[in-house]
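The values are calculated or read from the model by the stated rules, or taken from the named source; none is laboratory data. Small disclaimer: the values here were computed from a predicted structure and weren't measured. Using ideal geometry, Cβ is built from the backbone for each residue, glycine included, and neighbour counts are taken over all protein chains shown. Side chains included, ligands, DNA and RNA excluded: accessible areas come from the protein's heavy atoms. Shrake-Rupley method; radii C 1.70, N 1.55, O 1.52, S 1.80 Å.
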Amino acid sequence: MADTAKDRREKLLLSGNEAIAHGAWEAGVRFGSGYPGTPSSEILPALNELGEVYCEWSVNEKVALEAAAGASIAGARCLVTMKHVGVNVAADPLFTMSYTGVEGGLVIISADDPSMHSSQNEQDNRHYARASKVPMLEPSDSQEARDFTMRAFELSEQFDTPVFLRPVTRICHSDGLVEVGERAEVPLRGELQKQPEKYVMIPAYARKRRVFMAERTRALVELAEHDEINREEMGDTSLGIITSGAAYTYAKEAFPEASFLKLGLVWPLSPERIRRFAEQVDRLFVIEELDPFLTEEILAMGVAVERVDESFRIGELTPARVREMIAGEPAPDTTADEDLPPRPPTLCAGCPHRSVFTLLRKLKAYVTGDIGCYTLGTLPPLQALHTCLCMGAGINEAHGMQKVRGHEAPVVAVIGDSTFTHSGITGLVNIAYNAGVSTVVIVDNRTTAMTGGQVHPGVGETLSGMPGRALDFEALARAVGVEDVRVVDPYDMAATEAALRETMASPEPSVVIARRECVLMVRERRPAPDFDADRCTRCGACIRIGCPALWAEDDGGKRPIPRINTALCTGCLMCAQVCPVDALKAPEGAQEGNQ
Amino acid sequence: MVRNVLLTGVGGQGIITASTVLAQACRLAGWQVKKSEVHGMSQRGGSVNSYVRFSADEQIASPLIPEGEAEMMLAFEPLEGLRQIRQATPDAVVLVEERRIVPVTVNMPGVTYPDDVIERLVASGRRVTVVPASATAVELGESRAANMVMLGALATQIELADEIWSEAAALVLKPRALEVNLRAFEAGRQLVPAGV
Ligand SMILES: Cc1ncc(C[n+]2csc(CCOP(=O)(O)OP(=O)(O)O)c2C)c(N)n1
Ligand code: SF4
Ligand code: SF4
């Protein structure tokens, strides 16, 4: 590709996620589905923005993949996006779609998150490629993110298989220059044909497809041997590095003179090509993030690679870590002075989740939590969320706990509205069906806040901005058999507390919907509370709700005095409601009741 | 030569917008450029870092700045600047906003915001200039333009024509806010004396 200053000016500056969307769009994709999850969340909105493609936020990743399976059987090219743990949710259809294959090309984005910048684990999804026998491509920058996405659609149709593209956080959220093209008009492939032997996976048919898969893998190995998606960059042959994706960029930075075998296709591999490369170099290293996936495959080919310390299997790599791995040079010390106060993420000033956790702390509840902004309720000073496993788990954990500890155990499940629609509903059905007793609090802030504020079924608007049918949580809870269903405004702490107390005491299952919009979605601010320093007893009750707009200042008094940062304060008045002496109050002239 | 800029601060300060303007300016100049940051949890008022790497002549491999090799640092908050200071080269240019944003963790017993953050930055030997970015933006009547004041300060260290900066800003910023942001940028440029 030509690369002069003039060419660069004509390229686009795109994040990896935008580049994936562009590649899919150019490849004539007609159907895009997914569920938000960092670092993948920006792909579908970018694709939707490019136009001409039906895009949806599906209810969860399994739904997204299965809907795409249908669209593919119907002949359309399909893009499905999710974060790494989303593939766990979609794993059931995935493994058998490897058997059925596709009509229209189908590409699954598995956006992995080494170092867990925004995830509950750092699983390495390359294992899914090998386990499901689905080929996987790994881009190392935005240009490759676009190019490999386009190539993935071709491979999918050519080899009759779904294809994985696995970018990591540093690819998704890095910008680089990308040469793009026009959209290709790719018509629906074939007629809508009934092909039960291909799409009905009863044992008799699946066994035949299993043999086809083995042939397909052999053919892909052959492709891996010659195709330019893998490339040799021969330099100084005293050091050879086999690598891929983001790890390639760090290795290239650390050892620009070395010889590289850069793999674009990370499963399956070509033993021939790897041996050929190995024979040309004196020392051979495999540089990869997380598990020794390539290392084990290559060792199994009988190719000797040098050992690296197990500590490098944890977390992202960096140029200095690669230097340390290969040359033993210790990475420069970049740690901060120890006395610096940390700055962890916190619930926003005025976040409606704050009162729920303030009250659950007061009620000494054991809170089985879930994933979303509200997971931040676990951090000091709230410390009022006690489990977080995976999306949807909290409701079931509460059920299990109370089956063995009884309804008297002060257990409460807290789940976000988006998480509830993703995978909480089945848990609620289970509680009702199995005579459970748990209290489930749905913290309904009318959005998927954690991942950037995407719409979801409860909101009744779709990704493309069309009105959708809004899921009615109250009616749903009643329909599954929960009779005690309440809706409260979390800004009204007295009413919220009463609902929590009563439902926790009750031997019946219950649902409390704490409904109030995420403050990032609300434009107008209310005035900050008035503070009467003479009344204040410096008890610190307001400080202990952990609002970032409140801090305790040492003014020489017996204890620090609260101060309000009026630029941050949204006027939610939670601090006023926890103040035992009315030193903090709704401002003079503000509407009573704070509605 | 590849040049490395680290932008650091607190979620919500417009750091990513500033780094995107910088990256677009590099593209418009016909340079190579890569930019990287982490979204997600960090946006709820947590620490945010953005890396921009550019070069007129060389390919850039890593989107991350190699450890300790940031030769320019734009710190949107003093404490965050100090937290990242060892990512900067020993003689790096460090432009640091003077306004503090106190993290909620200081409300916990035994945790304090150190009084001597700027002094420690200076004592590190880097070429530190304090930039009153927020105060300047407030004077211009748009407190949210502090990020562009900071970028204007950085512009004194990068050889790019005026038109390129304004074209880049126009690509990234909302048309409504462009004019005041460009004024903020210009004001930032005046805040850093020549030869820093
Ligand atoms: C299987 C899976 N998919 C996606 C994610 C990413 N993710 C974490 S929480 C969340 C939803 C948060 O929305 P909600 O439950 O409404 O809570 P909020 O953040 O709005 O408080 C998402 C999409 C994940 N962790 N696991
Ligand atoms: S983004 Fe919304 S839900 Fe998340 S912490 Fe802020 S107010 Fe709460
Ligand atoms: S009213 Fe109180 S709790 Fe609410 S945002 Fe303002 S300071 Fe924070």
### Query
Just for the range A:336-355: of the residues that are within 11 Å of ligand 1 (Cβ to nearest atom) and closer than 30 Å to B:T112 by Cβ, which one is most open to solvent (accessible area, probe 1.4 Å)?
A:C348
### Query
Do we find a residue being surrounded by fewer than 18 Cβ atoms within 10 Å (Cβ to Cβ), more than 16 Å from ligand 2 (Cβ to nearest atom) and among the hydrophobic types (A, V, I, L, M, F, W, C) anywhere in the range A:364-377?
no
### Message
Quick check on the range A:346-357. Is at least one of its residues closer than 26 Å to A:Q402 by Cβ, away from chain B (no Cβ under 12 Å) and more than 12 Å from ligand 2 (Cβ to nearest atom)?
### Response
no
### Message
Under 9 Å between Cβ atoms, which residue pairs at least 6 apart in sequence (or on different chains) link something in the range A:202-226 that is farther than 22 Å from A:L265 by Cα with a partner that is outside any helix (DSSP H, G or I) and hydrophobic (A, V, I, L, M, F, W, C)?
### Response
A:A206/A:V200; A:R209/A:M201
### Summary
Within the range A:42-70, the residues that are over 17 Å from the mean Cα position of the chain (by Cα) and over 13 Å from A:I108 (Cβ atoms) are A:L47, A:N48, A:E49, A:L50, A:G51, A:E52, A:V53, A:Y54, A:C55, A:G70
### Summary
Filtering the range A:434-466 for residues that are more than 18 Å from A:G377 (Cβ to Cβ), more than 16 Å from ligand 2 (Cβ to nearest atom) and among the hydrophobic types (A, V, I, L, M, F, W, C) leaves a count of 4
### Task
Read through the list (1) open to solvent by 20 Å² or more (accessible area, probe 1.4 Å); (2) part of a loop (DSSP other than H, G, I, E, B); (3) under 30 Å from A:N396 (Cα atoms); (4) not aromatic (F, W, Y), then give the number of the only condition that A:R361 fails.
(2)
### Query
Within the bounds of the range B:154-161, is there any residue that is among the acidic types (D, E) and either closer than 16 Å to B:L74 by Cα or in a helix (DSSP H, G or I) (or both)?
no
### Query
Are there any strands (runs of 3 or more DSSP E) wholly within the range A:198-265 with 3 or more residues that are open to solvent by 30 Å² or more (accessible area, probe 1.4 Å), and if so which?
A:231-233, A:236-244
### Query
Looking at the range B:1-116, what strands (runs of 3 or more DSSP E) fall wholly within it and have at least 2 residues that are more than 7 Å from chain A (Cβ to nearest Cβ) and among the aliphatic types (A, V, I, L, M)?
B:3-10, B:47-55, B:70-75, B:88-97
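Yes or no, residue by residue, for (1) more than 25 Å from A:R516 (Cα to Cα); (2) more than 9 Å from ligand 3 (Cβ to nearest atom):
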{"site": "A:A533", "(1), (2)": "yes, yes"}
{"site": "A:T537", "(1), (2)": "yes, yes"}
{"site": "A:A549", "(1), (2)": "no, no"}
{"site": "A:P560", "(1), (2)": "yes, yes"}
{"site": "A:N565", "(1), (2)": "no, no"}
{"site": "A:Q577", "(1), (2)": "no, no"}
{"site": "A:P580", "(1), (2)": "no, yes"}
{"site": "A:K585", "(1), (2)": "no, yes"}
{"site": "A:E588", "(1), (2)": "no, yes"}
#### Entry: Members of the range A:79-101 found to be more than 14 Å from A:Q123 (Cβ to Cβ) and within 20 Å of the chain's Cα centre (by Cα), listed by number
A:L79, A:V80, A:T81, A:D92, A:P93, A:L94
### Message
Residue under question is A:V459, and the condition is that it be in a loop (DSSP other than H, G, I, E, B) and either open to solvent by less than 30 Å² (accessible area, probe 1.4 Å) or under 17 Å from A:S418 (Cβ atoms) (or both); does it hold?
### Response
yes
### Criterion: buried (at least 24 other Cβ atoms within 10 Å of the Cβ), farther than 30 Å from A:V578 by Cβ and away from ligand 2 (no atom under 16 Å from the Cβ) - qualifying residue of A:I431, A:I425
A:I431
### Query
Out of the range A:9-62, which residues are assigned to a helix (DSSP H, G or I), farther than 14 Å from A:T149 by Cα and open to solvent by 10 Å² or more (accessible area, probe 1.4 Å)?
A:R9, A:E10, A:P45, A:A46, A:N48, A:E49, A:L50, A:K62
### Task
Count, please, the residues in the range A:508-519 that happen to be within 14 Å of chain B (Cβ to nearest Cβ) and within 13 Å of ligand 3 (Cβ to nearest atom).
1
## Note on the structure
Output for Cβ contacts, cut-off 8 Å, separation at least six or different chains, first residue of a type in the set (F, W, Y) in the range B:141-165, second modelled with pLDDT of 95 or more, reads B:W165/B:V21; B:W165/B:A25; B:W165/B:A155; B:W165/B:F185
### Message
Being hydroxyl-bearing (S, T, Y), buried (at least 22 other Cβ atoms within 10 Å of the Cβ), within 14 Å of chain B (Cβ to nearest Cβ) and more than 16 Å from ligand 3 (Cβ to nearest atom) is the requirement here; does A:T439 meet it?
### Response
no
### Task
Residues being over 30 Å from B:I60 (Cβ atoms) and in contact with a strand residue (DSSP E or B) (Cβ under 8 Å, 6 or more places away or on another chain): count how many of those fall in the range A:292-348.
2
### Query
Which ones in the range A:497-530 are within 16 Å of ligand 1 (Cβ to nearest atom), hydrophobic (A, V, I, L, M, F, W, C) and outside any helix (DSSP H, G or I)?
A:V511, A:V512, A:I513, A:A514, A:C518, A:V522
### Query
Can you tell me which residue in the range A:526-564 is most open to solvent (accessible area, probe 1.4 Å), limited to those that are within 16 Å of ligand 2 (Cβ to nearest atom) and either within 14 Å of another protein chain (Cβ to nearest Cβ) or closer than 30 Å to A:A432 by Cα (or both)?
A:P548
### Query
What is the residue count in the range A:1-42 for residues that are out of contact with any Phe, Trp or Tyr (no Cβ under 8 Å at 6 or more places or on another chain), away from ligand 2 (no atom under 16 Å from the Cβ) and within 13 Å of another protein chain (Cβ to nearest Cβ)?
20
### Task
For residues that are hydroxyl-bearing (S, T, Y) and either open to solvent by less than 10 Å² (accessible area, probe 1.4 Å) or within 16 Å of ligand 1 (Cβ to nearest atom) (or both), tally how many sit in the range B:5-61.
6
### Task
Look through A:A494, A:A576, A:A505 and report the one residue that is closer than 17 Å to A:P352 by Cα, assigned by TED's automatic domain parsing to the domain that holds A:G377 and modelled with pLDDT of 95 or more.
A:A494
### Subset of the range B:123-145 [away from chain A (no Cβ under 14 Å) and open to solvent by 80 Å² or more (accessible area, probe 1.4 Å)]
B:R127, B:E139
